[in-house]
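First comes the structure, then the notes that go with it.
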2 protein chains.
Amino acid sequence: MSVHREIRTQMQDCGDCPIRHRAVCARCEADELAQLEQIKYYRSYQAGQTVIWSGDKMDFVASVVTGIATLTQTMEDGRRQMVGLLLPSDFVGRPGRSSAAYDVTATTDLVMCCFRRKPFEDMMASTPHIAQRLLEMTLDELDAAREWMLLLGRKTAREKIASLLAIIARRDASLKQPRAVAPRITFDLPLTREEMSDYLGLTLETVSRQMSALKRDGIIVLDGKRQVTIPSMDALMDETGDDSDGGYLV
Amino acid sequence: MSVHREIRTQMQDCGDCPIRHRAVCARCEADELAQLEQIKYYRSYQAGQTVIWSGDKMDFVASVVTGIATLTQTMEDGRRQMVGLLLPSDFVGRPGRSSAAYDVTATTDLVMCCFRRKPFEDMMASTPHIAQRLLEMTLDELDAAREWMLLLGRKTAREKIASLLAIIARRDASLKQPRAVAPRITFDLPLTREEMSDYLGLTLETVSRQMSALKRDGIIVLDGKRQVTIPSMDALMDETGDDSDGGYLV
DNA sequence: GATCTGCCTTGATGCAGATCAAAAAGGGAA
DNA sequence: TTCCCTTTTTGATCTGCATCAAGGCAGATC
């Protein structure tokens with residue numbers, strides 16, 4: 001908690017850093033150095049483009065500046081499971097590992113801030129704060145992954161969909177209107193039905209059916225295929241199967 | 001990889017540290033200090049005992065010395081999902097968080113090495129290596145969690161069982177006979193059928209049925225309910241659905 | 001040895017979600 | 001506008017695992 005507050009404070013000072021860019025603090029501290037040594041550069045990807053394939057050589061680490069990317073694992077026979085959703089500020093890659101462990105794909109147009117791996121590792125060794133920030137972020141990701149394990153292992157299709165919508169809605173609401181709890185939230189789904197199914201461990205047909213069911217039951221309102229309105233966040237939360245207190249950790 | 005080698009080297013010097021105790025290195029560096037300041041202490045639990053309940057105040061972090069513990073999440077209606085298996089050397093708790101996020105239960109008799117949280121955090125701030133080691137370990141856990149997401153979301157019951165057996169067998173084999181690939185592996189299951197089902201997102205009946213099926217098909221040999229022999233590791237791996245090259249990351 | 005108790009196995013049946021198939025709805029491009 | 005192509009929806013059917021329900025077995029207690 002205290003660390004998060006510290007990060008928010010520092011973010012005020014970050015010139016080119018996007019809102020919610022948690023990795024920012026490491027960047028800011030190291031920015032001047034990094035630019036000088038040319039270890040930092042930006043890369044853009046178009047929606048749908050693959051950033052890197054699992055197993056490929058990966059000589060950089062990066063953080064998402066704008067856009068959304070996904071991490072997916074694929075089995076030999078083609079079964080796919082998304083294991084991570086990368087939002088602005090999220091970190092990709094792993095110090096100490098030279099090849100990618102997952103497929104990384106841009107689902108929207110994407111800009112990433114990359115650091116050459118070796119110099120980044122050196123920087124980490126000499127700047128203790130960076131490892132500590134990365135640890136914080138990684139622990140957050142681990143918690144998210146474990147929450148997702150509960151979803152994948154034990155929730156029904158309807159609960160899975162509701163949970164995903166709740167996560168996206170909450171993130172979106174906090175972006176647009178931090179601190180306020182809007183009674184009515186509208187947003188564009190950043191994922192196709194197929195991507196949703198890969199994330200939730202379902203088929204795309206089941207995703208579609210459950211979206212229709214939630215619409216029929218008035219839990220959500222669909223305008224076109226992508227735009228979603230949540231009339232009552234409470235009603236949506238009732239469908240997720242999560243504890244009603246909703247207080248998310250940290 | 002290089003970091004792992006470094007850790008192994010340092011382990012030689014660790015007096016009371018159990019084999020494979022990765023957290024050891026942080027401990028060793030800080031051990032003298034810790035003992036002096038009395039921030040470190042050991043606790044024992046009996047098999048079946050709950051170490052801590054989700055939501056409870058947790059003013060320590062710890063690492064497992066001997067025995068096995070589990071992390072589980074429970075939904076309001078009682079559905080349970082195990083989200084982590086803690087083996088000797090694994091770390092529990094989170095710097096910066098004062099309450100437990102999961103139920104922690106001892107499945108065997110368990111000894112944990114605990115550090116009072118606040119002093120541990122201070123130690124982390126003043127000893128950069130500790131954060132770096134914790135980061136390594138947390139990234140490993142994140143990879144394991146993501147592998148588990150693929151299992152929970154996309155694997156069949158038979159593949160899930162085979163995967164779990166493969167993980168336990170591999171760990172066991174590396175403990176007993178590091179570096180050698182034994183053609184025939186025998187071990188005791190550290191989990192009940194119900195715990196296996198909680199881990200795999202199945203019911204205990206399905207676990208039992210699939211164990212019987214693997215036995216019938218000669219993939220495993222059961223002696224009693226707990227002792228398992230794997231006649232051919234290759235045959236077992238064929239049932240997991242995993243890539244045949246089997247090369248696990250890192 | 002008899003009974004109890006906590007796992008574990010096995011059988012019968014049901015259902016949520018997968019699979020197979022086709023139609024509908026957008027959304028660009030010409 | 002029309003056509004084409006991708007995405008989404010909807011329908012019909014199938015199936016893997018859950019659920020419900022008995023037993024079985026082995027170690028503990030008396």
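The values are calculated or read from the model by the stated rules, or taken from the named source; none is laboratory data. Please read all numbers here as calculations on a predicted model, not as lab measurements. Note: ideal-geometry Cβ built from the backbone for every residue, glycine included; neighbour counts use all protein chains shown.
Could you give every pair whose Cβ atoms fall below 6 Å, whose first residue belongs to region A:182-202 and is in the same structural domain as A:Ser232 (by TED's automatic domain parsing) and touching a residue at least 40 places away in the same chain (Cβ under 8 Å), and whose second residue is within 12 Å of DNA strand C (Cβ to nearest atom) and not in a strand (DSSP E or B), counting only separations of at least 6 or pairs across chains?
Partner pairs satisfying both residue conditions: A:Asp188/A:Arg226; A:Leu200/A:Lys160; A:Gly201/A:Leu152; A:Gly201/B:Gly153; A:Leu202/A:Ala157.
From the set of residues in region B:206-237 that are near DNA strand C (Cβ under 9 Å from one of its atoms) and within 14 Å of chain A (Cβ to nearest Cβ), which is surrounded by the fewest Cβ atoms within 10 Å (Cβ to Cβ)?
Once the filter is applied, the top-ranked residue is B:Thr206.
Can you list residue pairs whose Cβ atoms sit under 6 Å apart, with the first residue in region B:54-73 being more than 15 Å from B:Phe91 (Cβ to Cβ) and the second being among the polar types (S, T, N, Q) and part of a strand (DSSP E or B)? Count only pairs 6 or more apart in sequence or on different chains.
B:Gly55/B:Ser99; B:Lys57/B:Ser99; B:Gln73/B:Gln81
If B:Thr203 passes every condition in (1) within 12 Å of DNA strand C (Cβ to nearest atom); (2) away from chain A (no Cβ under 14 Å) but one, which one does it miss?
Here B:Thr203 meets the rest and fails (2).
Among the listed residues B:Leu142, B:Leu152, which satisfies the condition of being facing chain A (nearest Cβ under 7 Å) and under 21 Å from A:Phe91 (Cβ atoms)?
Working: B:Leu152 fails: under 21 Å from A:Phe91 (Cβ atoms).
Answer to the check: B:Leu142.
Determine whether B:Ser63 is touching a Cys at 6+ places or on another chain (Cβ under 9 Å) and surrounded by 16 or more Cβ atoms within 10 Å (Cβ to Cβ).
Numbers: touching a Cys at 6+ places or on another chain (Cβ under 9 Å): yes; surrounded by 16 or more Cβ atoms within 10 Å (Cβ to Cβ): yes.
It is true that B:Ser63 is touching a Cys at 6+ places or on another chain (Cβ under 9 Å) and surrounded by 16 or more Cβ atoms within 10 Å (Cβ to Cβ).
Within region A:92-115, track down each residue that is within 11 Å of chain B (Cβ to nearest Cβ) and either modelled with pLDDT of 90 or more or surrounded by 21 or more Cβ atoms within 10 Å (Cβ to Cβ) (or both). So that I can check it myself, show each step before the final result.
Taking region A:92-115 and keeping what is within 11 Å of chain B (Cβ to nearest Cβ), we get A:93-102.
If the condition is that a residue be within 11 Å of chain B (Cβ to nearest Cβ) and either modelled with pLDDT of 90 or more or surrounded by 21 or more Cβ atoms within 10 Å (Cβ to Cβ) (or both), then A:Gly93, A:Arg94, A:Pro95, A:Arg97, A:Ser98, A:Ser99, A:Ala100, A:Ala101, A:Tyr102 are the ones that fit.
Quick one: is A:Gly84 among the small types (Gly, Ala, Ser), surrounded by fewer than 20 Cβ atoms within 10 Å (Cβ to Cβ) and either within 11 Å of the chain's Cα centre (by Cα) or at the interface with chain B (Cβ under 10 Å from one of its Cβ atoms) (or both)? Give the derivation first.
On the way: among the small types (Gly, Ala, Ser): yes; surrounded by fewer than 20 Cβ atoms within 10 Å (Cβ to Cβ): no; either within 11 Å of the chain's Cα centre (by Cα) or at the interface with chain B (Cβ under 10 Å from one of its Cβ atoms) (or both): yes.
So A:Gly84 fails the test.
With respect to the numbered conditions (1) away from DNA strand C (no atom under 12 Å from the Cβ); (2) more than 30 Å from B:Asp103 (Cα to Cα); (3) modelled with pLDDT of 95 or more; (4) not polar (S, T, N, Q), which one is the sole condition not fulfilled by B:Pro178?
Result: B:Pro178 passes all but (3).
Filter region B:205-247 down to the residues that are at negative phi, within 16 Å of DNA strand D (Cβ to nearest atom) and in contact with a helix residue (DSSP H, G or I) (Cβ under 6 Å, 6 or more places away or on another chain) and list them by number.
Selection gives B:Thr206, B:Val207, B:Ser208, B:Gln210, B:Ile219, B:Leu222, B:Glu239, B:Thr240.
When you scan region A:146-165, do you find a residue that is more than 16 Å from DNA strand C (Cβ to nearest atom), within 20 Å of the chain's Cα centre (by Cα) and polar (S, T, N, Q), even just one?
No: zero hits.
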